[in-house]
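Novice: Just dropping this structure here.
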Amino acid sequence: MDVAQGLAQVRGRIAAACSRAGRDPASVRLVAVSKTKPVEMLREAFAAGQAIFGENYAQELKEKVEAVPGAQWHFIGALQTNKAKMVVGRAALIHTCDRLALAQELSKRAKAAGLVQSVLLEVNVGREPQKAGAMPDQVARLLDQVKALPALSCEGLMCIPPAEGDPRPHFRALRELAQALGLSQLSMGMSADYEVAIEEGATLVRVGTAIFGERAP
C-alpha cells in the first residue's frame with residue numbers, strides 16, 4: 001500500500017464530500033489512525049503532509065511521539081484511568097473521555113503538568129451495552145462536570161456508530177446534541193463511513209485502513 005497515494009485518495013474524497021455538503025474542506029481535519037502501524041509508514045505519511053495521527057494505546061503513543069517529531073497526536077482509544085499520565089500532554093486532543101472518574105484523573109495529571117488538556121466526550125450513540133461512551137441523555141451532566149474541572153477543556157463530541165445499519169442518523173444525532181450543548185468539534189467517521197460523516201457535520205474524521213491498508217492479523 002502506497003501511503004502517499006492512500007492519503008491523496010482520502011483527501012480527494014474529503015474534498016468531494018465537503019463539496020456535496022457545501023462545506024469548506026479546511027473545516028475537516030483528517031486524523032490518520034496509525035495504531036499498530038510501523039513508524040516508517042507514519043514517517044511516509046508525515047512526509048506527504050499528514051499532520052495529525054491517532055493512536056489507541058497509551059504505550060504506543062508514547063513511543064511514536066518520540067519517533068515522529070513535529071506531528072500532532074490524538075488519542076482515540078479506550079483509556080484506562082491508570083494510563084492517563086501517559087497520554088496527558090502527549091495528545092493534543094483526547095477523543096474518548098466518557099466518564100467522570102477519567103475526566104478527574106486527566107485534569108489532575110494536566111494540572112500537575114501545568115497545562116490544560118483538550119478532550120472530546122465520547123457518546124454511545126447506539127446505546128450499545130458492549131461499547132464505551134456516555135449515553136446521550138447523560139452527556140449534558142458529564143459536560144457540566146468536565147467544565148468544573150480546572151485543567152480540562154471540552155472541545156466537542158465523538159462517536160462510533162453501530163457497525164450494522166445506516167450510520168447517518170447516528171451522525172446527525174451527534175451533531176444535533178453538540179449544537180444543543182454549544183460544542184463545535186465532532187469526531188465521527190472512519191474508513192467505511194467518513195464521507196457520510198462529513199455530510200452530517202464531522203470536523204474530525206479518523207481514517208486508518210484507507211491510508212495505511214489493512215492491519216496485520
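All of the numbers you see were taken from the coordinates with simple rules; none came from a lab. Source: prediction; values computed, not measured. Methodologically, a virtual Cβ is constructed for each residue, glycine included, from the backbone with ideal geometry; neighbour enumeration extends over all protein chains shown.
Novice: Would you mind ranking Val39, Val10 by Cβ crowding within 10 Å, fewest neighbours first? Spell out each step's value before the answer.
Specialist: On the way: Val39 13, Val10 20.
Arranged by neighbour count, lowest to highest, Val39, Val10 become Val39, Val10.
Novice: Provide the per-residue ³J(HN,Hα) series for region 205-212, in order, calculated from phi with Karplus coefficients 6.51, -1.76, 1.60 and θ = phi - 60°, each as a whole number of Hz, with x at glycine and proline positions.
Specialist: Each residue's phi maps through the Karplus curve to give 10, 10, 10, x, 4, 5, 9, 9 Hz.
Novice: Per residue of the chain, what 222 nm ellipticity follows from adding -39500 (n - 2.57) for every DSSP H run with n ≥ 4, rounded to the nearest 500?
Specialist: -12000 deg cm²/dmol
Novice: Does anything in region 68-91 have its amide N under 13 Å from the 7 Å Cα→Cβ label point of Ala51, and if so which residues?
Specialist: Of the residues in region 68-91, 70-73 have backbone N under 13 Å from the label point off Ala51.
Novice: Report the FRET efficiency, 1/(1 + (r/R0)^6), for Lys111 and Lys131, where r is their Cβ-Cβ distance and R0 is 35 Å, rounded to 0.05.
Specialist: Calculated value: 0.75.
Novice: So, one more: Placing unit charges on C-beta atoms (Lys and Arg positive, Asp and Glu negative, everything else neutral), compute the dipole magnitude of region 1-154 about its Cα centre in debye, rounded to 20.
Specialist: It works out to roughly 240 debye.
Novice: Further question on the same structure: If I take every Cα pair under 8 Å that is 6 or more residues apart in the chain, average their sequence separation and divide by the length, what percent do I get for the relative contact order?
Specialist: Computed over the chain, the figure is 22 percent.
Novice: If you rank Thr81, Thr96 by fewest surrounding Cβ atoms within 10 Å, what's the result? Write down the numbers at each step before the final one.
Specialist: On the way: Thr81 13, Thr96 23.
Final ranking by Cβ density, sparse to dense: Thr81, Thr96.
Novice: Follow-up. How high is the FRET efficiency from Gln179 to Ala16, r the C-beta distance, R0 22 Å, rounded to 0.05?
Specialist: On the way: r = 25 Å, r/R0 = 1.12.
Given R0 = 22 Å and the Cβ-Cβ separation, E is 0.35.
Novice: Would you list His170, His95 from fewest to most Cβ contacts within 10 Å?
Specialist: Least crowded to most crowded, the residues run His170, His95.
Novice: Once you have a ≥ b ≥ c as the square roots of the Cα gyration tensor eigenvalues for region 3-212, tell me rounded if a/c is under 1.5, and otherwise prolate or oblate according to whether a/b is larger than b/c.
Specialist: Because a/c hits 1.5 or more and a/b fails to exceed b/c, region 3-212 counts as oblate.
Novice: Among 127-133, 107-113, what's the highest-first ranking by average C-beta atoms within 10 angstrom per residue?
Specialist: Sorting 127-133, 107-113 by mean packing, highest first, produces 107-113, 127-133.
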